[in-house]
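Asks: Please see the structure below; I have some questions.
The values are calculated or read from the model by the stated rules, or taken from the named source; none is laboratory data. As the structure is a prediction and not an experimental result, all values here were calculated from the model. Cβ: placed from backbone, ideal geometry, glycine included. Neighbour counts: every protein chain shown. Side chains included, ligands, DNA and RNA excluded: accessible areas come from the protein's heavy atoms. Shrake-Rupley method; radii C 1.70, N 1.55, O 1.52, S 1.80 Å.
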Amino acid sequence: MFMTRLNPNLLASLDIPGPSYDRTRVKPGIVHLGIGAFHRAHQAFYTEAVMNRFGGDWGIIGCSLRSESVRQQLEPQDGLYTLLERGASDRPQIIGAVQKVLVGPENPAAIIAAIAAPQVNIVSLTVTEKGYCHLPASGTLNLQHPDIQHDIANPDQPKSAPGFIVAGLNKRWRENLGPLSVMSCDNLPDNGAVTKAVVTGLAEAINPELAARIRQEVSFPGTMIDRIVPATTANDIQWLENQYGYRDDGLVVAEPFTQWVIEDNFCRARPAWESVGALLVKDVGHYETMKLRLLNGSHSLLAYSGYLAGYATIYQVMQDPNFVALTRVFMESAATTFTPPANFDVTAYQQQLRERFANPGLQHKTWQIAMDGSQKVPQRWLNSLRKLIENNQDTQIYAFALAAWIRFVKGVDEQGEAIKISDPQAEIFASLWQNHGTAPEQLVNAFFAQEGIFGRDLSGNDLIKQQTRQWLESISAEGMHAAAQKLLSQLT
Ligand code: CS2
């Protein structure tokens, strides 16, 4: 049967809450780079709540810097999409904040023009760790990155997120429009400072005067973002169709929990996000570190070890008591490595995280979280590991996690099936395995020699290398289940 696609005319007849403001009158106030599922379930959700309550011109121009798939999903729906919260019950809502989707490779000038529209106050980004084109160990711009080299040579036809921001700001100044706020919404420590470093780093290479202006006038608020938003599946879309009688190719599925902590540092107007649940603070650092090390750190541990143990989703991993116990040990260890936000109950937070991971409504693929380990491992594990080393604390759980990651990027599972490794450094990892696959000690040394990931200090840490080698041998010889069991019996 032909199913009606979500569109504005359908809103009145649906038994689902939708925009309560007049979408046709809203002007764009935000340009967002990276209009994937996460943004649509997080910043767009908060911004929608602001417009539902207070109105205002906070329409979002979404930009895809790579593919046109989100535009194909949203354009026929006039930007509308369903956000489906899956928890104890299912709660759909239709969001109207996204007005348009622009596709970078097709028309870079349209994105630059959108950033340089007079009424736009904020450029925000969710481009994943690798989209910053930075060196994870130092947080500075990687001038050798092919997209950055391209953007230096072609500043008016950029490819990278920093390239679009620099070009947009340049146009604003040429047209006397003044600065705007650039807000990172990615899981990076100190994401405001990293964004400032890559944007000014690129501007410096193109036009030092522009770089100086950006440093002076543009604000780069940092944020801590949190909501589990797995990639939408065909089954999810079918489920919505069966339940509600319309088709939504832009459907986003998320957990009920959501958190957003924002550094209150905007050089122009912003939506009243604090009125709809966001926390505006002077310094997001404590929240960010806690979330990265506890939530994302255990996510990555569960992704690599869980995938190898044969589990496709985080929910499945959390049905195995040994992996729940590992998560607990990991979190307890990570929690000793940072100062939590004032008056914050970190033990309750850990318990809540385990409950969130065990949400049966979410099909969060271990493979999805396992992507881009070269970009994620440094801030999720290695900063905690450094702290443990400094404090002479036990580091076995981190060595185990690193061994699981190294074993995972071999690209073959325990049944001999290929694993597709999606990581900017996938080729390097494959060649390390090829050259040293039969000699665990050399293999681990070769991984640790990747200073861009491990930094010089950990590259030279013999104890961690030795522990990692032992766990790699154990995982390879006995399999992930037995190795996890062994680690638990040692630790508990
Ligand atoms: C996950 C995150 O894919 C990943 O690497 O760890 O996307 C995680 O779900 C979010 O950060 C939760 O806020």
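Asks: Among the aspartates and glutamates, select those whose C-alpha is under 13 Å from the C-alpha of residue 159, and discard any that sit fewer than 8 residues away in the same chain.
Replies: Within reach: 106, 147, 151.
Asks: Another question about this same structure. So how much accessible area does residue 275 have, in Å² to the nearest 10, using a 1.4 Å probe?
Replies: Spelled out: residue 275, probe radius 1.4 Å, area about 40 Å².
Asks: For helix 462-478, report the angle its Cα long axis makes with the longest principal axis of the Cα atoms of the chain; keep it between 0 and 90° and round to the nearest 10°.
Replies: Taking the Cα atoms of the chain, the angle to 462-478 is about 80 degrees.
Asks: Next up: Enter the Cα centre distance for the pair segment 296-321 and segment 103-169, rounded to the nearest angstrom.
Replies: Here the answer is 34 Å between Cα centres.
Asks: Right, another one. Counting only DSSP beta bridges with both residues in the chain, what percent are antiparallel, rounded to the nearest 5?
Replies: 35 percent
Asks: Right, here's the next one. I'd like the orientation of helix 43-54 relative to the chain: the angle between its Cα long axis and the longest Cα principal axis, in ° from 0 to 90, rounded to 10.
Replies: Tilt relative to the chain: about 40 degrees.
Asks: Within segment 1-94, what percent of beta bridges assigned by DSSP are antiparallel, to the nearest 5?
Replies: Here the share of antiparallel DSSP bridges comes out near 50 percent.
Asks: Give me the percent relative contact order of the chain, please, defined on Cα pairs under 8 angstrom at least 6 residues apart.
Replies: Relative contact order, the chain: 14 percent.
Asks: Which percent, nearest 5, of DSSP beta bridges in segment 23-150 are antiparallel?
Replies: The answer is about 35 percent antiparallel.
Asks: Under the 0.36 nm per residue contour assumption, what length would be gained going from the current alpha-carbon distance of residue 138 and residue 412 to full extension?
Replies: 95.5 nm
Asks: Restricting to Cα pairs below 8 Å that are 6+ residues apart, what does the relative contact order work out to for segment 210-335? Please round to a whole percent.
Replies: 22 percent
Asks: For segment 111-266, what does the relative contact order come out to in percent, with C-alpha contacts under 8 Å and a separation of six or more?
Replies: Relative contact order here is 22 percent.
Asks: Roughly speaking, what is the stretch gain from residue 328 to residue 72, that is 0.36 nm per residue apart minus the C-alpha to C-alpha distance, in nm to one decimal?
Replies: Gain in length upon complete extension: 88.0 nm.
Asks: Using Cα atoms only, what is the angle between the long axis of helix 208-217 and the major principal axis of the chain, expressed in degrees (0 to 90) to the nearest 10?
Replies: That helix lies at roughly 80 degrees to the long axis.
Asks: Which lysines, if any, have their Cα less than 25 Å from the Cα of residue 291, not counting same-chain residues under 8 positions apart?
Replies: 130, 196, 282, 365, 376, 387
Asks: State in Å² the accessible area per residue of the chain; use a 1.4 Å probe, count heavy atoms of protein chains only, and round to the nearest integer.
Replies: Roughly 40 Å² per residue, with all protein chains present.
Asks: Quick check: from the Cα gyration tensor, does segment 215-346 come out rounded (a/c under 1.5), prolate or oblate?
Replies: Oblate.
Asks: Under 23 Å from the Cα of residue 486, which lysines turn up, not counting those fewer than eight places away in the same chain?
Replies: In chain and number order, the partners are 410, 465.
Asks: Where a ≥ b ≥ c are the square roots of the eigenvalues of the C-alpha gyration tensor, would you call segment 407-455 rounded, which needs a/c under 1.5, or, failing that, prolate if a/b is larger than b/c, or oblate?
Replies: Oblate shape, in that a/c is at least 1.5 and b/c is the bigger or equal ratio.
Asks: Sort the following peptides by mean Cβ neighbour count (other Cβ atoms within 10 Å, averaged over residues), highest first: 404-416, 151-163.
Replies: 151-163, 404-416
Asks: Ignoring ligands, DNA and RNA, please state the percent of accessible area on the chain from carbon and sulfur, probe 1.4 Å.
Replies: Ligands and nucleic acids excluded, carbon and sulfur give 48 percent.
Asks: Let me ask you something else. If we sort 338-346, 123-131, 74-82, 229-237 on the protection proxy, mean other Cβ atoms within 10 Å, highest first, what's the order?
Replies: Highest to lowest by the protection proxy: 123-131, 74-82, 229-237, 338-346.
Asks: If I model a spin label as a point 7 Å beyond the Cα along the Cα-Cβ vector, how far apart are those points for residue 243 and residue 391 in nm?
Replies: 4.2 nm
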